[in-house]
Ligand SMILES: Nc1ncnc2c1ncn2[C@@H]1O[C@H](COP(=O)(O)OP(=O)(O)OP(=O)(O)O)[C@@H](O)[C@H]1O
């Protein structure tokens, strides 16, 4: 396991990591998300010792890193880093030399075999004699992964591996990551929700230099609060049966629960979605419609939990005390702005 404990880091006098606690395990893909400037790359650069924290600890496979030459050498064999821009990483003129560079330096045996297998793992078999400069952007990204793989690390850290790749590149990156996690731990940062959903086992959101969420699924409401780009969708407005029904031009109006149905009857509102309400309401919103869902107060927590599993824009007009508030500090201070 990689563990970062209470990590602090600043560029100059500006704190960029503010007490980060982060964990990533072997056999899992840990996805790190957050708005631009949240501190994702800075955190990732700590995981193989490319940056040293001002305060806090990095523990890898139970070993506390002391930032001595020998510890860093050990760490970099355990944890490989793949840069967002492959040109920051590729140093050799030819593909063979590039992938062989690490294994030769580490005096690993059978370099030819290692290069061949590493290139094969990223779908670049037969590229040995190509010049790196002649590869496409997507191929360079895969070459950078092959170079990292060649050192046979236990963990691979990738900074935005799908940035700038086409559909084919996306699919092959997903395949590579899925394959890698069979034997290794993979940590990726991404703004790509499709990629996060395709590969992620654990999801970690960062905001303002802090971890604000860690879970097995993406909490979409929270994602939006943290400035994470989500899918385009219509809007689902949820109001409690005892709340104020908003004036608005909704495409659909739905009610959930007996009290909610009574309330809309009393108001003389015609319901557009009568049964299987929550699911249908979410679906309509995902299709791009604006939907008003009137909900019995005691069901609000269920609605909140369920909608957070979908990439739908949701706005709660319901009374706050009706459900548990998730504690999150958002950078701009707009705590509970959606509620
Ligand atoms: N070398 C540096 N010198 C000074 N400031 C830096 C340096 N690198 C990053 N920063 C600043 O630190 C903050 C965090 O940057 P970081 O690259 O870690 O964010 P990020 O979450 O990876 O962002 P993005 O999604 O845009 O890649 C930003 O405000 C950035 O401008």
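Of note:
- Fraction in percent of alpha-carbon pairs per bin - 10 Å, the range 78-138: 21, 58, 21, 0
- Degrees separating the helix 95-105 axis from the principal Cα axis of the chain, which is the longest one: 70 degrees
- The chain - mean residue ellipticity at 222 nm from DSSP helices (-39,500 (n - 2.57) per run, n ≥ 4, rounded to 500): -9500 deg cm²/dmol
- With N the number of residues in the chain, Rg(Cα) / (2.2 N^0.38 Å) evaluates to 1.19.
- Choice from 315, 262, 225 showing the highest fluctuation, given a GNM over the chain with Cα pairs closer than 10 Å: 262
- Counting DSSP beta bridges with both ends in the chain, the antiparallel % (nearest 5): 40 percent
- Mean sequence separation of contacting Cα pairs (under 8 Å, at least six apart), scaled by the length of the chain, corresponds to a relative contact order of 18 percent.
- Whole-Å distance, taken between Cα centres, linking the range 211-264 and the range 12-33: 29 Å
- Top of 77, 229, 107 by mean-square fluctuation, Gaussian network on the chain, Cα under 10 Å: 107
- Taking the longest Cα principal axis of the chain as reference, the axis of helix 111-121 is set at about 20 degrees.
- Between 0 and 90°, nearest 10: helix 258-267 axis offset from the chain longest Cα axis: 60 degrees
- Angstrom value of the Kirkwood radius, inverse mean 1/r, which spans all Cα pairs in the range 1-157: 16.6 Å
- Highest average packing first - 34-42, 60-68, Cβ atoms within 10 Å: 34-42, 60-68
- If you bin all the Cα-Cα distances of the range 235-322 at 5 Å, starting from zero, the percentages per bin are 3, 16, 31, 28, 17, 4, 0.
- For the range 279-318 and the range 47-72, distance of Cα centres in Å: 44 Å
- Taking 178, 112, 214 as the candidate residues, the one with maximal mean-square fluctuation in a Gaussian network model of the chain, Cα springs under 10 Å, is 112.
- Relative contact order for the range 69-196: 31 percent, from Cα pairs under 8 Å spaced at least 6 residues apart, divided by residue count.
Values quoted throughout were computed directly from the atomic coordinates according to the rules given, and no laboratory measurement underlies them. Note that the structure is a prediction, hence the values are computed from the model and not measured. Here Cβ is always computed from backbone atoms with ideal geometry, including for glycine, and neighbour counts include all displayed protein chains.
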